[in-house]
Amino acid sequence: MRAANYCRVSTDNQEQEGTSLQTQLEACLKYCQDKGYDVAYRFSEAYSGLSLERPKLTELRELVRNEQINVVVVYCLDRLSRDPTHGVILTQELEKHNVTLEAVTETVDSSELGKLISYIRGFASKLEAEKIRERTMRGKRAKARMGHITSGGSARIYGYDYIKVAQNNGGRRVINENEAKWVRQIYGWLVNEGMSTSAITYRLRALSVPTKQGRMWCRAAVLNILKNPAYTGKTYAFTSINGKPFSKKRDEWIEIPDATPPTIAQEMFEAAQKQLETNRKRSARNTKRQYLLRGHVYCSPCRRAYYGCPNKDRVGGKRKLVRRYRCTGKLKMLVPINRCSNKSWQADKLESLVWEQTERVLDKPELIIAEIEKQRQDANQLGVLETELEQIERQLKALDREQEQLLQWALKGFPEETVIAENKKINAKRENLNVQKAELETNIKASREASVSVPKLEGFVELMRQKLTALDFETKRMVLDMLNIKVWLDGDNVEITGVIPVMDDVIVTTQS
């Protein structure tokens, strides 16, 4: 029987949960081994059991609906769900697709009485979880009223470092300038260039801007930055429940003064909110008519984004609505004076031109195959590079010890000229080693990413071998997003730029 193991804890602090993910997984694997099950899938995640919207659970349910597994094994039933209603939904879904649910620590009775007992047990688990959450919330409210940002994911936002409450002057955020400069840039792209959040996301990826967790940039992360008033220095506690805003309960918000230093001016934040609303309305309007290049067209003279809009053109002696792309610099609402004079483009003509050029790039799998081989070679060097880095780090530690010894010499009255000369030699060695270390770390990062992206690249080559002209509208949109295509218009001149990113790697750059 093909089995899937599902393990869950409520938070990243696994010990508070009582059973860590690793312990659960080992128990589930042993259980499957004893039963003779073939473990085809393993899922582990830190997520609340009171929600069905869990990434790994969603993947598991998709496998069930596609009938790719025969049995789901959990450590105990409340790992699958703490909400009895959700538990009923999940068990019915399993039964519908003939998938058995088994638990390591208890027997899952499929009878009606067994279902009732499981439901009651789940209800008791939900009550206990609610009690725990209420006690936690009381403590957090008390800390907020004392002027501290309560710990948790919401305390650690991009652009800042969080000082824990237990530390001196804790419960505060301090600016992380390496991240804050990108926060300002994100606001600038939105307000000054009129970029969409999707376009900003892909630009951040193309520039290899690091996130706080080291993951890939996503649209939700960009939107969170653009809508969070904390960047203007206004900090509120309890603005959400389970990650969802509850503006109707604003009277329950607690303002924490001077907890977050501003990185964005209030005027810039307000302009960003207006631009987001403008982008939202424009996006909603464009969905009535399909615009393939929506979010990919820009004005070379004024650097603003183009948007899709219908226009009454004279065709064959009659006036009819025709899809066109226009510069946002022509809008009176956004640009009351010195409006852009760049021409608009007929959508059919521009889309045909851009897609034709895009196909020329995509229809050359040999470029990507060459990159695969290059990445394979880079990945094979990983072990050698890591060994060299370890040697460099040992040499740097040895220099630290030498410098400490040199300090002792100075304290014991050794000739000053000798101490200075030796210290100069040590610093020169250290500078040289640090240069080597930085270069090795860059190469190691590239090799690690290469070893991960090779399978994705191979899959991408297979996709490129398909008949590109058969792609539907949504698939073409996905390809344009993936290639980070940008179309720059200057009168009758069209410049198309883009990259082929797979796992954040640039394979080839095209320009016409």
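Read the figures in this text as sums done on the coordinates, not as results from a lab. Predicted model, so just to flag it, every value in this text is computed and none were measured. Note: ideal-geometry Cβ built from the backbone for every residue, glycine included; neighbour counts use all protein chains shown.
According to the square roots a ≥ b ≥ c of the eigenvalues of the Cα gyration tensor, what is the shape class of segment 46-95, taking rounded for a/c under 1.5, prolate for a/b larger than b/c otherwise, and oblate for the remainder? Prolate is the answer for segment 46-95, as a/c is 1.5 or above and a/b outweighs b/c. For the pair Gln290 and Cys218, what calculated FRET efficiency results from E = 1/(1 + (r/R0)^6), where r is the Cβ-Cβ distance and R0 = 35 Å, to the nearest 0.05? Working from the Cβ atoms, E equals 0.90. Annotation: extensible slack from Lys349 through His97 equals 85.8 nm (criterion: 0.36 nm per residue apart, minus Cα-Cα distance).
Counting every other Cβ atom within 10 Å of each residue's Cβ, Cys7, Cys327, Cys32, Cys309 order from fewest to most as Cys309, Cys32, Cys7, Cys327. FRET efficiency for the pair Glu359 and Glu53, taken as 1/(1 + (r/R0)^6) with r the Cβ-Cβ distance and R0 = 60 Å, rounds to 0.95.
Report the FRET efficiency, 1/(1 + (r/R0)^6), for Thr278 and Asp481, where r is their Cβ-Cβ distance and R0 is 30 Å, rounded to 0.05. The partial results should precede the final answer.
Details: r = 21 Å, r/R0 = 0.69.
Computed FRET efficiency for Thr278 and Asp481 comes out at 0.90.
Subtracting the Cα-Cα distance from 0.36 nm times the residue separation, let me have the gained length for Asp38 to Glu26 in nm, one decimal.
Numbers: separation 12, 0.36 × 12 = 4.32 nm, distance 1.46 nm.
Residue separation times 0.36 nm, minus the Cα-Cα distance, leaves 2.9 nm.
Cross-linked pairs Lys397/Lys445; Lys445/Lys476; Lys181/Lys429; Lys96/Lys476; Lys56/Lys164; Lys349/Lys486: Cα-Cα separations exceed 28 Å for Lys445/Lys476; Lys181/Lys429; Lys96/Lys476; Lys56/Lys164.
Each label point was placed 7 Å from the Cα along the Cα-to-Cβ direction; for Gln405 and Thr418 their separation is 1.3 nm. Distance between the pseudo-spin-label points of Val435 and Ala206 (7 Å out from Cα toward the beta carbon): 3.3 nm. Spin-label pair Glu45-Arg184: with each label point 7 Å from Cα along the Cα-Cβ axis, the two points sit 3.8 nm from one another.
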